[in-house]
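Novice: Below: one structure in C-alpha cells.
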Amino acid sequence: MPDPDTGICVIGQGYVGLTLTAAMAQSGYDVLGIERDEEKLSDLQQGIPHFDETGLKETIRTQQKIGKLRFRKSLEEADVSDRSVYILAVGSPLDENGEPDTSALESAIKSVSTILEPEDTVIIRSTISVGTSREMLEILKREAEIDIPEELYFLHAPERTVQGDALAEIHNLPQVVGGYDEKSVDRGAEVFSHTADVIIEVDSPEAAEMIKLFDNTYRDINIAIGNAFGEIARQNDLDGQRIIKLANAGYDRNSIMQPGAGVGGGCLPKDPYLLMNSVDEADGLLDSVLQFIDTSRNINESMPDVTNAIIRDALTETGREDGVRSLVLGVAFKGRPGTNDIRNTPAEPIISELSAYGTVDAYDPLVEDEKISSLNARSVEPDDDLTSLFEKEVYDIVVIMNDNPLFENLDLHRVKEGMAKRPIIIDGWNLLPKTTVKQLGFYYDVVGGQKSSGETKRETLRTD
Ligand SMILES: NC(=O)C1=CN([C@@H]2O[C@H](COP(=O)(O)OP(=O)(O)OC[C@H]3O[C@@H](n4cnc5c(N)ncnc54)[C@H](O)[C@@H]3O)[C@@H](O)[C@H]2O)C=CC1
Ligand SMILES: CC(=O)N[C@@H]1[C@@H](OP(=O)(O)OP(=O)(O)OC[C@H]2O[C@@H](n3ccc(=O)[nH]c3=O)[C@H](O)[C@@H]2O)O[C@H](C(=O)O)[C@@H](O)[C@@H]1O
C-alpha cells in the first residue's frame, strides 16, 4: 500500500490525467484531480467521466465515495497542504506553425511552483520534445521558494497506454521514469510502484522524453509503410490488403501493418513533429532522417485524400454528380479499442468531401450526437441492429471510416435491399468480405485494395 502521507495531485483530467487519477486512487493513494474546464469538472464532481474506459466510472465513484478522490478547478481553490506529488498531464499540442505549444504546461508548472514544499515531487507526464522537462525545471527554479534541485524530486514519466484500454494498461505496461537526479529516479519508481507492475528507471528526463517520442514515431512510420505498400500494390492492380496479409502469414519476421483511411487522435499526428523538433542542427544523415520521419507523416496525413479520391471515382463511375445521400460509419479517430475521441479524426475530411455531393449522415456508437453534428454530418441512430439504418433512409454510398468491429456485422443482403441502385460501399479499413460484397452487386472499393474487379483467384495458405 502507498504511504498514506503521500497525497497525489494530478493536473489535467483528460484522457491521460483522469485514467491516471483513477488508477492512483484505486491503488490506495489519496488523489486530488485538478481540471480547469468547467463542464468536465462539474461532471467529474458528480462521478461522470467525459469518456469511456472499462471500469473508469465505477472506480471514480467508488473512490469519491470513500473520500480518496476529489476534483477541483485549480490549485488555488483546493487544499493542497497534504499534497506532496504533483503530476502534470496537460495537453501539448502543436501551434499553427507546427511548433510545440507548451503554454498549458508552463501555466501548470507556474501554478505548482508557488505551493511547493521541501521534499515535494513534480512529475511531467505530457508528451513533450526532448529537453522540455528541463525547461520546466528552470521555471520552477525561478519561481519556487524551495531550494531546487536539492529539495525537489523532479522527473518525466510518460503515459504509454492506448485510449480505450488505458485503465488496464496503466498496470501492465512498463512505466518509464526519467529522473533529474538519482533521488528523483528512486522517488519516481516508488510513486509508480503501486500502479505499474514494471518500472523502467532512466537517468535523465531527456531519456524518458525520447523513449516516448520513439514509441509513437516508430508506430507512425510503420503505419506509413503499410499505407505506402497499399498504394504500390494498387498501382500494380494488386490487392495490397491481401498481399500484406499474405506477406505476414506464417512469417514472424514480418509485421507489415494494414493500409487504413487515416491516422488521427491527439498524439500520432503530433508526436513525430515533437521528435523532429528535438533535432537542432540537421545536416547530412540527420537531415535525411528528418525527411524520412516527415515523409512518413505526409503519407499518413494524405490517407484521407486517398480515400476521397476513391470516393470521387466511385461516384463518377456510377454516374452520380449531386443529390447523393451518404452514410459514414465510424467518426471517432479509431474504432478499436473504442473511443469517443474525434481529435484529428480522418472522418472529418471525408464528411466534407461527401457534403459537396449531397446529404451526409454519420453513425458511431461511441461518439456523442453533438460531436458528430460539429463535423457537419447528421447524427443517425440504428434501432435494434446496425443494418436498420438502411431501412430508415435510402443511401447511395456508405463509407466505413474507422475499424469498430460493429461494422463487420452489416447484413449485406438487407443493406443491398435498402440502398439505391448501383449502391457503393467504400471500406476504409477492409472490414467486409470483398467477394461477397461484389457478388451482391455493390460497387466496392477498399483503401489499399485493388481497384479493378479484383476477383481473388486463389488465396490458400497450405499448412499441410
Ligand atoms: N490521449 C492519449 O491517449 C495519450 C496522451 N498523451 C499525452 O498526454 C497529454 C495529455 O493528453 P490528453 O489527456 O489526451 O489531453 P486532453 O486535452 O484530453 O486533457 C488535458 C486536460 O488538461 C486540462 N488542463 C490543461 N491545463 C490545465 C491547468 N493548468 N489546470 C487544470 N487543467 C488543465 C484541459 O482542460 C484538459 O481537460 C498530452 O501531452 C498527450 O500527448 C500520452 C499518451 C496517451
Ligand atoms: C506506440 C503506441 O502504440 N502508441 C499508442 C497511440 O495510441 P492511439 O490512441 O493514438 O491509437 P493508435 O492505435 O496508435 O491509432 C492512432 C491512429 O492510427 C490509425 N492506425 C492505427 C493502426 C494501424 O495499423 N493503422 C492506422 O492507420 C488509427 O486508426 C488511429 O487513427 O498513441 C498513444 C498516445 O501517445 O496518445 C500511446 O500512448 C499509445 O500507446
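Novice: I'd like to compare 394-401, 72-79: which one has the highest average count of other Cβ atoms within 10 Å, and what's the full order after that?
Specialist: Highest to lowest by the protection proxy: 394-401, 72-79.
Novice: At 222 nm, what value in deg cm²/dmol follows for the chain if DSSP H runs of at least 4 each add -39500 (n - 2.57) and the sum is divided by all its residues, to the nearest 500?
Specialist: Counting only the DSSP helices, I get -12000 deg cm²/dmol.
Novice: So, one more: Excluding residues on the same chain fewer than 8 positions from residue 65, give the aspartates and glutamates whose Cα lies under 16 Å from its Cα.
Specialist: Residue 65 reaches 30, 43.
Novice: Now, a different point. Given +1 on the Cβ of Lys and Arg, -1 on the Cβ of Asp and Glu, and no further charges, what dipole in debye does the stretch 277-353 carry about its Cα centre, rounded to the nearest 20?
Specialist: Computed about the Cα centre, the dipole is about 620 debye.
Novice: Treating the chain as a set of equal point scatterers at the Cα positions, no solvent, please give the Debye-formula log₁₀ I(q)/I(0) at q = 0.08 Å⁻¹.
Specialist: -0.54
Novice: Then there's this: Rounded, prolate or oblate for the stretch 296-359? Axes are the square roots of the Cα gyration tensor eigenvalues, ordered a ≥ b ≥ c, and the cut-off for rounded is a/c under 1.5.
Specialist: Oblate, because a/c is 1.5 or more while a/b does not exceed b/c.
Novice: Residue 120's amide H: which non-local residues (gap 5+, or another chain) put their own amide H closer than 5 Å, with H modeled 1.01 Å from N in plane and none for Pro or chain starts?
Specialist: 153
Novice: What is the Cα radius of gyration of the stretch 145-195 over 2.2 N^0.38 Å, N being its residue count?
Specialist: Taking the Cα Rg and dividing by 2.2 N^0.38 Å, one obtains 1.33.
Novice: Pull up the DSSP beta bridges for the stretch 7-203 and report the antiparallel fraction as a percent, rounded to 5.
Specialist: Percent antiparallel among DSSP bridges in the stretch 7-203 is about 10.
Novice: Calculate the spin-label point distance for residue 134 paired with residue 106, positioning each point 7 Å from the Cα along the beta-carbon direction, and give it in nanometres.
Specialist: Here the modelled spin labels are 1.9 nm apart.
Novice: A follow-up question, please. Provide the per residue accessible area, probe 1.4 Å, for the stretch 206-464, rounded to a whole number of square angstrom.
Specialist: Result: 47 Å² per residue.
Novice: Roughly how many debye, to the nearest 20, is the charge dipole of the stretch 7-203 about its Cα centre, given +1 on each Lys and Arg Cβ, -1 on each Asp and Glu Cβ, and no other charges?
Specialist: Value, rounded to 20: 640 debye.
Novice: Ok, one more. Residues of the stretch 7-203: accessible area per residue at 1.4 Å, in Å²?
Specialist: Normalised by residue count, the accessible surface of the stretch 7-203 is 41 Å².
Novice: Under the Kirkwood approximation for Rh and a Cα-based Rg, what ratio Rg/Rh is obtained for the stretch 206-464?
Specialist: Radius of gyration over Kirkwood radius for the stretch 206-464 works out to 0.99.
Novice: Can you tell me how the stretch 7-203 classifies by the Cα gyration tensor, rounded, prolate or oblate, using a/c under 1.5 as the rounded cut?
Specialist: In terms of gyration-tensor shape, rounded.
Novice: At 0.36 nm per residue, minus the direct Cα-Cα distance, what do residue 368 and residue 46 gain on full extension? Give it in nm, one decimal, please.
Specialist: Stretched fully, the residue 368-residue 46 segment lengthens by 114.0 nm.
Novice: Past the 18 Å Cα-Cα mark, which pairs from 334/392; 212/270; 40/371; 392/421; 334/451; 40/110?
Specialist: 334/392; 334/451; 40/110
Novice: What aspartates and glutamates does residue 183 reach when the alpha-carbon gap must be under 15 Å and sequence neighbours fewer than 8 apart in one chain are set aside?
Specialist: 119, 120, 147, 150, 151, 201, 203
Novice: Still on this structure, please answer the following. List the residues, sorted by chain then number, that are 5 or more residues from residue 71 or on another chain and whose placed amide H is less than 5 Å from its amide H.
Specialist: Those qualifying (amide H under 5 Å, at least 5 residues apart or on another chain) are 33.
Novice: Using DSSP H assignments, which helices in the chain have an axial alpha-carbon span of 20 Å or above and a mean Kyte-Doolittle hydropathy of -1.0 or higher?
Specialist: Those that clear 20 Å and a mean of -1.0 are 205-235, 285-317.
Novice: Cα centroids of the stretch 14-38 and the stretch 64-92: how far apart, whole angstrom?
Specialist: Rounded to whole Å, the Cα centres lie 8 Å apart.
Novice: How big is the gap, in Å, between the Cα center of the stretch 425-448 and the Cα center of the stretch 214-271?
Specialist: One Cα centre to the other: 19 Å.
Novice: Could you list which residues have their amide H under 5 Å from that of residue 341, counting only those 5 or more apart in sequence or on another chain, with H placed in the peptide plane?
Specialist: Under 5 Å from the amide H of residue 341: 333.
Novice: Taking only the alpha-carbon positions of the stretch 214-315 and ignoring solvent, what does the Debye formula give for the base-10 log of I(q)/I(0) at q = 0.11, 0.13 Å⁻¹?
Specialist: So the normalised log intensities work out to -0.39, -0.54.
Novice: Evaluated at 4 °C with a viscosity of 1.567 mPa s, what Stokes-Einstein diffusion coefficient in µm²/s does the stretch 254-399 have when Rh comes from the Kirkwood expression over alpha-carbon pairs?
Specialist: For these conditions, the coefficient is 76 µm²/s.
Novice: So if we plug the beta-carbon distance of residue 383 and residue 97 into 1/(1 + (r/R0)^6) with R0 = 56 Å, what FRET efficiency do we get, rounded to 0.05?
Specialist: Calculated value: 0.75.
Novice: Right, another one. At a 1.4 Å probe, what is the % contribution of carbon and sulfur to the accessible area of the chain?
Specialist: In the chain, the share of accessible area belonging to carbon and sulfur is 48 percent.
The values are calculated or read from the model by the stated rules, or taken from the named source; none is laboratory data. No experiment lies behind these values; they were computed from the predicted model shown. Cβ atoms come from the backbone with ideal geometry, glycine included; neighbour counts cover every protein chain shown. Note: areas computed on protein heavy atoms with side chains; ligands, DNA, RNA excluded. Shrake-Rupley method; radii C 1.70, N 1.55, O 1.52, S 1.80 Å.
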